[in-house]
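See structure below.
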Amino acid sequence: MVDLRAVCVFCGSSTPPDPRYRDAARALGTLMARRGVGLVYGGGSVGLMGELADAALCDGGRVTGVIPVGLFSREIGHTGLTELHEVSSMHERKQLMYDLSDAFIALPGGLGTLEELAEVTTWSQLGLHRKPIVLLDVDSFWEPLGTQLDRMVSVGLLKPANRELVQRAHSPEEALAVLASAEPGYAEKWITAEDR
């Protein structure tokens, strides 16, 4: 079981025209606030990031943003957060978001979201942390990634145990339930003599 005091949410700084994406971000922010789970995110006030943060704040939630100084104007940094950390680089942003969080949720997003998700999952694969990770699927957005991960397993590029590091949920309620009940692990020996 994982004590969810704060969850890091990766998501896009754009808002797709399909309202289901916006609604999912709002529903997640609201649910986290009502359950007393702090939100840690990229610090923006626009796109899905803004929808997520505003929903959590409207319900009295704790929202911590982490944004690089150079991106503050480009991503239109949120000035109404419980706490906003300005850092000097993208690497510092990811490290601080990780340090402040007990688990990770990925809402739909672009390349930045994909990169953050890949890095935090790789850290888990390497045994650097045991914090659970879940994809919050909206409109089957993450289905192709799940298929790709399965393909990596089938051709022998990803161990089945490491494939299980990334779970998928179809609602905010399910996402928090998956995280709370997770017993995250990793392959203790991720490279063996047979792998060479």
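Looking at the stretch 17-33, is at least one residue of a type in the set (Gly, Ala, Ser) and not in a helix (DSSP H, G or I)?
Checked against the condition, which is being of a type in the set (Gly, Ala, Ser) and not in a helix (DSSP H, G or I), the stretch 17-33 yields no hits at all.
Select from the stretch 99-141 the residues that are of a type in the set (Phe, Trp, Tyr) and out of contact with any strand residue (DSSP E or B) (no Cβ under 7 Å at 6 or more places or on another chain) and write down the one among them that is modelled with the highest pLDDT.
Filtering the stretch 99-141 for residues that are of a type in the set (Phe, Trp, Tyr) and out of contact with any strand residue (DSSP E or B) (no Cβ under 7 Å at 6 or more places or on another chain), the one modelled with the highest pLDDT comes out as Phe141.
Counting only residues that are assigned to a helix (DSSP H, G or I) and in contact with a Phe, Trp or Tyr (Cβ under 9 Å, 6 or more places away or on another chain), which one in the stretch 90-108 is farthest from Ala180 (Cα to Cα)?
Met97
Name the pairs whose Cβ atoms lie under 8 Å apart, with the first residue in the stretch 3-20 and over 15 Å from Gly112 (Cα atoms), the second loosely packed, with under 13 Cβ neighbours inside 10 Å, and 6 or more positions between them or separate chains?
Hits for this filter: Asp18/Asp139; Arg20/Asp139.
So which residues in the stretch 3-25 are crowded, with 19+ Cβ neighbours inside 10 Å and of a type in the set (Lys, Arg), if there are any at all?
Arg22
Would you say Arg35 is in contact (Cβ under 8 Å) with a residue 40 or more places away in the chain, surrounded by fewer than 24 Cβ atoms within 10 Å (Cβ to Cβ), over 19 Å from Asp137 (Cα atoms) and not small (Gly, Ala, Ser)?
For Arg35, the condition - in contact (Cβ under 8 Å) with a residue 40 or more places away in the chain, surrounded by fewer than 24 Cβ atoms within 10 Å (Cβ to Cβ), over 19 Å from Asp137 (Cα atoms) and not small (Gly, Ala, Ser) - is met.
Scan (1) assigned to a helix (DSSP H, G or I); (2) touching a Ser or Thr at 6+ places or on another chain (Cβ under 8 Å); (3) free of Cβ contacts under 8 Å to residues at least 60 places away in the same chain for the single condition His85 breaks and write down its number.
(1)
Can you say whether Arg130 is farther than 27 Å from Ala27 by Cβ and touching a residue at least 24 places away in the same chain (Cβ under 8 Å), as far as the supplied structure shows?
When the stated conditions are applied, Arg130 passes them.
I need a count of the residues in the stretch 60-83 that are at pLDDT 90 or above and hydrophobic (A, V, I, L, M, F, W, C).
Count: 4.
Within the stretch 109-163, track down each residue that is in a helix (DSSP H, G or I), surrounded by fewer than 14 Cβ atoms within 10 Å (Cβ to Cβ) and touching an Asp or Glu at 6+ places or on another chain (Cβ under 8 Å).
Glu143
Could you look through the stretch 38-48, keep only residues that are buried (at least 23 other Cβ atoms within 10 Å of the Cβ) and touching a strand residue (DSSP E or B) at 6+ places or on another chain (Cβ under 8 Å), and pick out the one that is farthest from Gln95 (Cα to Cα)?
Looking at residues that are buried (at least 23 other Cβ atoms within 10 Å of the Cβ) and touching a strand residue (DSSP E or B) at 6+ places or on another chain (Cβ under 8 Å), I get Gly44.
The values are calculated or read from the model by the stated rules, or taken from the named source; none is laboratory data. Please read these numbers as outputs of a predicted model, since none were measured by experiment. When we count neighbours, we look across all protein chains shown, and the Cβ atoms used for this are built from the backbone with ideal geometry, even at glycine.
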